[in-house]
1. So if the hydrodynamic radius of the chain is defined as the Kirkwood radius over C-alpha pairs, what does Stokes-Einstein give as its diffusion coefficient at 25 °C and 0.890 mPa s, in µm² per second?
2. May I ask you to derive the relative contact order of the range 83-182, considering only C-alpha pairs under 8 Å and at least 6 residues apart, and to give it as an integer percent?
3. Helix-only estimate, please: 222 nm mean residue ellipticity of the chain, summing -39500 (n - 2.57) across DSSP H runs of length 4 or more and dividing by its residues, to the nearest 500.
4. Excluding residue 97 itself, calculate the net charge of residues whose Cβ lies under 13 Å from the Cβ of residue 97, where each Lys or Arg counts +1 and each Asp or Glu counts -1.
5. Give me the base-10 log of I(q)/I(0) for the range 81-234 at each q in 0.10, 0.13, 0.16, 0.19 Å⁻¹, Debye formula, one uniform scatterer per Cα, rounded to two decimals.
6. Determine by what factor the alpha-carbon radius of gyration of the range 173-302 differs from 2.2 N^0.38 Å, reporting the quotient.
7. What longest range of the chain stays clear of loop-exposed chymotrypsin sites (Phe, Trp or Tyr not before Pro) (DSSP non-H/G/I/E/B, at most 16 other C-beta within 10 angstrom)?
8. Give me the percent relative contact order of the chain, please, defined on Cα pairs under 8 angstrom at least 6 residues apart.
Amino acid sequence: MISLLPAAKSLFEPDYTSELRQRGMKPLLQSLLVMAWMVEARDPYSGGHLWRVSQYCRLLAESLGLNKYEVARITLGGFLHDLGKISVPDSILKKPGRLNDDEYETIMNHPEIGARILIGHPLASLVKNAILHHHERPDGAGYPFGLDEGNLSIDSRIVSICDAFDAMTSTRPYRHSLPLDQALKDIKLNLHTQFDGNFGHLFIELAHSGRMNTILGHTDQGIPIQNCLTCGPTIVVRRSQKSGELTYCPNCAAEAIIEKNNSRISIHPTGRKGSVKSLQPKVDMDLIGEYVATSAAALVIA
């Protein structure tokens with residue numbers, strides 16, 4: 001008798017369908033991550049922000065007991081949440097003082113523009129909520145739509161906390177970074193209004209446990225934030241760079257030499273300025289490649 005049912009797959013047979021889907025997923029993921037990296041590179045004070053936010057998102061999502069697919073999706077949303085800032089002029093990104101009303105209104109457009117950039121992209125549905133709603137609030141006072149707690153996805157609630165925390169604990173043109181305790185106090189004071197109450201409590205617990213120590217103040221795993229000793233912004237040291245290589249401040253073009261001594265990394269000014277070519281932003285393909293490799297398998301589950 002000829003069976004019309006598909007033959008049972010051996011437990012030892014390779015899952016070629018999953019493998020093929022992963023192969024198709026990887027270049028799509030890489031294209032989004034490279035685009036986000038280049039957007040971040042426009043702001044001399046935000047180096048490492050996307051990596052830190054994505055890692056805080058991963059840690060919080062895992063601690064909530066979410067499955068691998070959900071963790072990978074939310075982590076990706078954390079890395080891509082600021083895509084829309086490609087539309088923000090340099091004069092606003094680099095402004096050393098507080099923004100005026102018109103400038104703030106320009107900033108408030110970036111979630112919608114980020115979502116618009118991804119229209120038609122095969123992976124857009126994975127990160128749309130994180131990009132479009134990460135500045136919404138449970139009390140309905142956020143933007144761009146003023147959504148309240150009942151209309152916020154888990155993605156947007158997680159990214160909102162992680163993005164705000166990293167902004168508070170990072171140096172900006174108009175202020176120095178806040179100490180960890182002060183940032184956590186600010187989150188606690190704004191639970192149930194700006195931040196999801198349950199997620200916020202868990203985030204604070206994670207911070208007190210020390211599990212964020214390898215993320216806070218870093219631009220990559222094991223690479224502490226380096227700051228320009230001339231003007232202050234972040235200089236990102238890529239994991240592939242070696243001792244003796246040169247790096248440059250994205251703001252004032254000051255040149256520095258990298259020193260890697262076992263687990264310690266530092267930069268030392270040379271007193272020279274970089275050329276236009278040397279100041280071109282360089283994507284850390286090692287970091288992105290690792291991210292793609294670990295995310296693709298989880299994201300093809302659905």
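1. In µm²/s, the coefficient rounds to 119.
2. Averaging sequence separation for qualifying contacts and normalising by length gives 22 percent for the range 83-182.
3. Taken over the chain, the calculation gives -14000 deg cm²/dmol.
4. Net charge around residue 97: +4.
5. -0.40, -0.69, -1.06, -1.40
6. 1.31
7. The longest such stretch corresponds to 13-144.
8. Reported as a whole number, the value is 19 percent.
Just so you know, all these numbers are worked out from the coordinates, no wet-lab data involved. Note that the structure is a prediction, hence the values are computed from the model and not measured. Note that we place each Cβ from the backbone using ideal geometry, even for glycine, and neighbour counts take in every protein chain shown.
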